[in-house]
Every structure is written in structure tokens, then in C-alpha cells.
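Here the structure is laid out as C-alpha cells; the discussion comes afterwards.
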Amino acid sequence: MSLISVGDVALDYERSGSGSPLLMIMGRSGTYAHWGEPLLHQLRSDFELILYDHRGVGASTRLHGPVTIREMAHDAAGLLGALELDSAHVLGISMGSMIAQELALAEPQMIRTLTLGCTYCGGAGSVPTTEQVVQSMGEAIASGIPERMIRASWEANVSPAFAADGDAWARFLEISLRRRVSLEVIIAQTQACIEHNTSARLHEIALPTQVIHGTVDQVLPVQNGRMVAELIPDARLHLLEGVGHLFFWERPERSAELLRAHVAAYA
């Protein structure tokens, strides 16, 4: 655990690997451990990885009350500044991709390349989480049983075929139980995602951008990835067939390959 002061909060972060800095922005209800070792192992030889926990998560400053995507983007910018980095490549997934959008709009000079995974921009044309997932998660939360809540999250976030992978499930369960995110924080993050809307501003992003999305994503259906890629000028869209929301768990090698290629194209 390493804590660093970023404005009025302290963020728990980790640095590893060697190469150009890559800021990795995690999604709703996740900790930086949720990136998973298979993906991180693929990236460490090419990048200096900068992982961190959002306010309210892990050892980072506790969250009291609501939070916005813009506030979390300010945290991300502050983290780079506190680490004395003028710029970095940025990878954001799910809520982290929403944070990355706001970071790109507010501080474009801090971003070398932008990768948005399992993303969403809000506004007309965006598609919310499927009703099946909302119902399943609601029932699991109502049970009050941690393992049931984590299992419901797992099944919502990956494809049915991958959900049946016992080894992958065991890794996800261990990570999720090791440093649990409180329900209050998850609710605050969820509200921040609901209020997020960059759809009318994405045309302002003039950064090398790629969008990665699984075609069977139930949390943020693939139409959202297509929409974001259409709204950002010259953005590249990569669809992973038969893959769910946590595409980097299901396809860590392919995810790392896409990231390396995107960065190399604009080196």
C-alpha cells in the first residue's frame, strides 16, 4: 500500500513495470487488484503501470456523501501531477472510461493516447444495463450474503462461457473478498455513472483514441461502445466477439496487444 496526497484526498496507488507511463482507471465497485494479474503481466514489460483506488475504495480517503465523474477525473489528473508526470497513456474501463472521457476533455495535454474499454457516454442513444442484470444484482444485494453478491456481479460482468471457468471465478472471488468495496460507495459511484453525460462534448476530443468492447456485454451493452467511437473523431473501434463486460479478464493477451499497437501507432 502506498498513499499519496492528491488535493484534499489521499489515494492508494501502485507502480510497477518499465516503459512509458500508463494510467489505468478502474470501474465501478472495483479495486486496482481487479485488473487481474494476467493482464498486468502482459503489460509490465512495455509500460510503467500506475494503478490506484478511487476515493472511498481500499485505503484511499473514505467517501462521505455523493461523488461525480468530474471529481474522480480531477483525482486522476491530481495523481499524475503528484507523481510528477506531465502526461501518460490512459486506459479506463467502465466507470473508469467515463472518468477518462472527462479527463480528456479537461486536461487533454496530460494524455498521450486514450483507450476506452466497455464504455458509456450517456445521452440520447445510449443503452443502460440490462433489466436482467439489475434484477439479479438487486436480489443478491438484498440477500446480504457477500459471496452471492460477488457471484451475481461475476455472472453479469463476463460471458456465460467464461462465468463457468472455475479457476477464473476463484481468482475473482479472492480479489473481491480481500478488499471489499462498501455498498454505500458502490451506490455513490452508480449515481455518478447515471448522471454522466459527455455525448455532446466527445467531438472535442482530439486525442489518439481507441474503444474496446465485448459484443455480449450486459452491463454496458455494445451499442454504447459503437456510439462513443462514432462521436470521437477518428476513434478506432475494436469489438471482441462473444466477450462480456470484463473483456480484459476474458481476453488479457488480446487486450494488451490492442493497447500496445495503439500506443505504437502514435509513438
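The values are calculated or read from the model by the stated rules, or taken from the named source; none is laboratory data. What you see is a predicted model; the values in this text were computed from it and never measured. No Cβ is skipped: glycine too gets one built from the backbone with ideal geometry, and neighbour counts run over all protein chains shown. Just the protein is used for accessible areas: all its heavy atoms, side chains included, with ligands, DNA and RNA removed. Shrake-Rupley method; radii C 1.70, N 1.55, O 1.52, S 1.80 Å.
Could you grab me the full set of residues in segment 70-82 that are open to solvent by 20 Å² or more (accessible area, probe 1.4 Å) and hydrophobic (A, V, I, L, M, F, W, C)?
The one that is open to solvent by 20 Å² or more (accessible area, probe 1.4 Å) and hydrophobic (A, V, I, L, M, F, W, C): Ala82.
Restricting the search to segment 161-177, which residues are within 14 Å of Arg251 (Cα to Cα) and open to solvent by 50 Å² or more (accessible area, probe 1.4 Å)? Step through it out loud before you land on a result.
In the first step, residues of segment 161-177 are kept if they are within 14 Å of Arg251 (Cα to Cα); the result is 161-163, 165, 168.
Those that are within 14 Å of Arg251 (Cα to Cα) and open to solvent by 50 Å² or more (accessible area, probe 1.4 Å): Ala161, Asp165.
May I ask you to list pairs of residues, at least six apart or on different chains, whose Cβ atoms are under 7 Å apart, with the first in segment 169-193 being among the polar types (S, T, N, Q) and the second being part of a loop (DSSP other than H, G, I, E, B) and surrounded by fewer than 16 Cβ atoms within 10 Å (Cβ to Cβ)?
Short answer, once both residue conditions are applied: Gln191/Pro66.
Within segment 134-150, restricting attention to residues that are small (Gly, Ala, Ser) and assigned to a helix (DSSP H, G or I), which residue is nearest to Glu174 (Cα to Cα)?
Ala140
Name the residues in segment 56-100 that are in contact (Cβ under 8 Å) with a residue 12 or more places away in the chain and on the phi > 0 side of the Ramachandran plot, would you?
Gly56, Gly58, Gly65, Ser94
Please list, ordered by first then second residue, the pairs with beta carbon atoms under 8 Å, 6 or more apart or interchain, first in segment 1-15 and modelled with pLDDT under 95, second in a strand (DSSP E or B) and surrounded by 15 or more Cβ atoms within 10 Å (Cβ to Cβ).
Met1/Asp12; Ser2/Asp12; Ser2/Tyr13; Ser2/Glu14
Please work out if Leu49 is within 26 Å of Met227 (Cβ to Cβ) and among the aliphatic types (A, V, I, L, M). First the steps, then the outcome.
Numbers: within 26 Å of Met227 (Cβ to Cβ): no; among the aliphatic types (A, V, I, L, M): yes.
The answer is no for Leu49.
Please give the number of the condition Tyr266 fails out of (1) aromatic (Phe, Trp, Tyr); (2) modelled with pLDDT of 95 or more; (3) open to solvent by 20 Å² or more (accessible area, probe 1.4 Å).
Every listed condition holds for Tyr266 apart from (2).
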